[in-house]
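Reading through the C-alpha cells given below for one structure.
The values are calculated or read from the model by the stated rules, or taken from the named source; none is laboratory data. Just so you know, these numbers come straight off a predicted model, no measurement behind them. Note: ideal-geometry Cβ built from the backbone for every residue, glycine included; neighbour counts use all protein chains shown.
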Amino acid sequence: MSLRDQLSTLVYSTDAGRIEPEKENQQPPKGDGIVRIQRETKGRKGKGVTVIRGLELDPEALKTLAKALKQRCGVGGSVKEFTIEIQGDQRDACKAYLEQQGFKVKLAGG
C-alpha cells in the first residue's frame, strides 16, 4: 500500500450516521373526542406552557391550528408529537378559540 493510500483512508463520514429518516404516514393517536388543555412546567426550568392534547388532526392541519392559536394569544409555541405547546398560561384563550372552532374542550390538571 502506498503512502497516498494510507493517508486517504476514511476516518469519519456523515453518510450513514445516527440520523433517523422521517417517519412517513404518521397517524394521529385515537382519542375519546375530547381536547384536553393543561399547563405544564416539568422539564422547562419552571417556565409554564399550555399543552393541548387530543386533537385528531393530520400534521399539516395541526400546524395550521397551532399557528392560529399562537397568533390569537400573541405568543410562541410549537407542535411536538401530535400535541400543541403554547408559551405561557394561555388556557382560557385557547379554550375559547377551540370551542369557537367546534371542538369539545376540557381543562385538565390543577
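Here Ala66 fulfils each of the conditions (1) farther than 19 Å from Gly33 by Cα; (2) part of a helix (DSSP H, G or I); (3) among the small types (Gly, Ala, Ser) apart from (1).
Under the condition of being assigned to a loop (DSSP other than H, G, I, E, B) and crowded, with 16+ Cβ neighbours inside 10 Å, the residues counted in the stretch 76-107 number 4.
Restricting the stretch 58-73 to residues that are more than 20 Å from Arg44 (Cα to Cα) and of a type in the set (Gly, Ala, Ser), the residue that is modelled with the highest pLDDT is Ala68.
Scanning the stretch 44-99 for residues that are touching a helix residue (DSSP H, G or I) at 6+ places or on another chain (Cβ under 9 Å), among the aliphatic types (A, V, I, L, M) and closer than 17 Å to Lys30 by Cα gives Ile52, Leu55, Leu57, Ile84.
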